[in-house]
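Asks: Provided herewith is a single structure, encoded as structure tokens, for subsequent inquiry.
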Amino acid sequence: MNQQIELFPILSGPEAAQFLKLSESTLAKLRHFGGGRQYCTLGRRIVYRRADLERWLNDRLRRSTSGR
């Protein structure tokens with residue numbers, strides 16, 4: 001049995017953009033200007049933990065367009 005267990009599933013930039021239904025350039029702008037989710041750098045690679053992306057989405061839930 002050769003199972004690989006990932007405690008913190010890692011997504012590349014393109015995978016994270018696809019998961020969030022955003023373009024890669026939008027994700028890059030959020031990184032640059034702020035307002036996006038935490039990310040990690042592994043060498044030159046930028047990666048995201050899936051749990052952080054899910055938390056970011058949950059933090060942005062709204063019930064109404066009139067205020068927070």
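The values are calculated or read from the model by the stated rules, or taken from the named source; none is laboratory data. Small disclaimer: the values here were computed from a predicted structure and weren't measured. Every residue, glycine as well, gets a Cβ built from its backbone with ideal geometry; the counts of neighbours run over all protein chains shown. Ligands, DNA and RNA are excluded from the accessible area calculation, which covers all protein heavy atoms including side chains. Shrake-Rupley method; radii C 1.70, N 1.55, O 1.52, S 1.80 Å.
Asks: Being open to solvent by 70 Å² or more (accessible area, probe 1.4 Å) and farther than 18 Å from residue 11 by Cβ is the filter here; which residues of region 30-58 pass it?
Replies: Hits for region 30-58 are 32, 33.
Asks: Let me ask something else about it. Out of all the residues in region 37-61, which are of a type in the set (Lys, Arg) and in a strand (DSSP E or B)? Step through it out loud before you land on a result.
Replies: Within region 37-61, the first condition is being of a type in the set (Lys, Arg), and the residues that meet it are 37, 44-45, 49-50, 55, 60.
Correct list: 45, 49.
Asks: Of everything in region 20-29, what is part of a helix (DSSP H, G or I) and either open to solvent by 90 Å² or more (accessible area, probe 1.4 Å) or touching an Asp or Glu at 6+ places or on another chain (Cβ under 9 Å) (or both)? Give them in sequence order.
Replies: Residues satisfying the conditions are 24, 29.
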